[in-house]
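Some notes on the structure that comes next.
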Amino acid sequence: MSRYNQHSGSGTGSSSNDGDFDDTTLKLQKYSAIRVTGDRVNAFDSQYGDKFIVGFDDVEILDGIVFQREDKQDTWKVFSPGKFFAVDSDTGKVYEKAVEQDDGSMEFKNEMSAQDILEHPRVLGFSETFGGNDYFYQPVGVVVEATGSIATNDDPHVETTDQPSITVGEVSMLLSNKSWVRTTAKLLTEQGNDIIATEENEEGNTVSVTDSHGWLTTMEPSLREGIEGREMELFIIEETQDFGGGDVTYSTPILLDAKTGERITIDNFDGDDDGDDDGDESAAVDGGAQAASTSDDSATESIETTESADEPEAADEATSASDESGDDTPANVPAVLGDLIDYFARTDGEVEPDELREFAEDEVDDPDDVDWDAAAAEVESRAGDL
């Protein structure tokens with residue numbers, strides 16, 4: 001049985017806030033899996049909306065196709081092989097195609113190894129288009145967990161383990177508002193349910209704020225006790241439930257203790273146990289099923305009828321940022337960077353120019369025209385005023 005159909009329903013400590021983001025930006029897609037060690041959580045309010053930031057150490061890709069963006073080498077994206085090929089959900093094996101039979105069953109043809117996937121034209125030629133802009137990717141490697149098959153490109157810096165898995169190292173995930181992200185924020189922060197802003201919908205039910213701005217209640221979240229240093233596995237599945245007479249499909253994260261395999265939920269973990277799940281596995285999924293058992297019945301939410309776009313970060317990149325007047329940022333530092341400068345000022349109080357550019361170059365019209373040294377100096381200046 002595949003890891004992705006073993007789980008259903010929901011399961012939703014002090015942040016280091018060290019501002020050390022000299023790492024890989026990782027974008028995890030549905031039905032791909034990673035092993036991580038908990039490290040930090042942060043947030044900042046950008047021009048495009050609130051961003052929830054998760055920092056993990058010792059990250060490994062357990063299952064999926066790993067891509068690297070050609071124009072941003074520190075940005076990696078992990079897809080399920082199912083984006084390109086046919087995957088048998090029962091066995092997890094990958095096939096080049098599947099043909100539906102007269103009885104509705106699927107006949108899978110041409111089983112593929114990791115090397116087959118890595119060298120396939122669909123993978124080698126992968127690109128995405130957002131807002132009329134093309135983004136090109138090169139495959140880093142492939143892991144098919146179900147068969148223990150692994151393959152990597154010729155980059156000598158790409159390391160593997162005997163598990164097998166592909167080593168990534170230190171990672172930041174910059175997350176925008178969508179159902180699985182809200183649940184992840186609840187799972188990883190001390191604030192739990194309270195980190196997500198709520199509002200009353202037209203039916204009078206309390207629901208999560210789904211706008212890109214104002215969905216987080218704090219820009220200074222703290223890491224949930226017991227998460228720091230804990231080895232975990234993370235993947236995202238898609239579920240469909242009936243609500244109000246119609247089916248609603250949403251995505252939800254599955255977070256497991258890597259040593260025990262037990263599910264980490266919002267209610268079941270106080271940081272002092274060994275990962276055993278004594279809580280209710282049916283705790284509420286944000287954006288998913290109504291709560292069956294939560295510590296706060298008032299936090300019960302209805303299913304949202306729409307899911308946020310899969311790639312709001314990419315949509316951000318496709319939107320040109322215009323300078324705003326009235327900001328006190330220095331010359332050659334666009335005012336649109338003010339929020340991010342404030343964020344670094346609040347956290348570490350300093351940042352390297354190249355590091356700042358890696359975070360912010362998508363928010364300006366022409367990154368080469370920005371004085372990144374001046375922007376980094378502004379971080380230190382604002383930190384001194386706090």
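To keep it simple, each residue is scored yes or no on (1) assigned by TED's automatic domain parsing to the domain that holds Ser222; (2) under 27 Å from the mean Cα position of the chain (by Cα); (3) modelled with pLDDT of 75 or more.
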position	(1), (2), (3)
Pro330	no, no, no
Gly338	no, yes, yes
Thr347	no, yes, no
Val351	no, yes, yes
Leu356	no, yes, yes
Asp365	no, yes, no
Asp368	no, no, yes
Ser381	no, no, yes
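Looking at the structure I just gave you, is Thr75 of a type in the set (S, T, N, Q), modelled with pLDDT of 90 or more, closer than 24 Å to Phe136 by Cβ and part of a strand (DSSP E or B)? The answer is yes for Thr75. Total residues in the range 243-277 satisfying the condition of being over 20 Å from the mean Cα position of the chain (by Cα) and modelled with pLDDT of 80 or more: the figure is 6.
Scanning the range 205-216 for residues that are more than 18 Å from the chain's Cα centre (by Cα), buried (at least 17 other Cβ atoms within 10 Å of the Cβ) and either among the basic types (Lys, Arg) or closer than 27 Å to Ala345 by Cβ (or both) gives a single hit, Val209.
Look at the range 331-349: where a residue is closer than 12 Å to Val364 by Cα and a partner is at pLDDT below 75 and of a type outside the set (A, V, I, L, M, F, W, C), sitting 6+ places away or on another chain with Cβ atoms under 6 Å, you get Pro334/Asp323; Ala335/Asp323; Ala335/Glu324; Ala335/Asp327; Ala335/Thr329; Val336/Glu363; Gly338/Asp327; Gly338/Thr329.
Against the criterion of being among the β-branched types (Val, Ile, Thr) and assigned to a loop (DSSP other than H, G, I, E, B), Thr183 does not qualify.
The values are calculated or read from the model by the stated rules, or taken from the named source; none is laboratory data. Everything numeric in this text was worked out from a predicted model, so none of it was measured. Please note: Cβ atoms are built from the backbone with ideal geometry, for glycine as well, and neighbour counts cover all protein chains shown.
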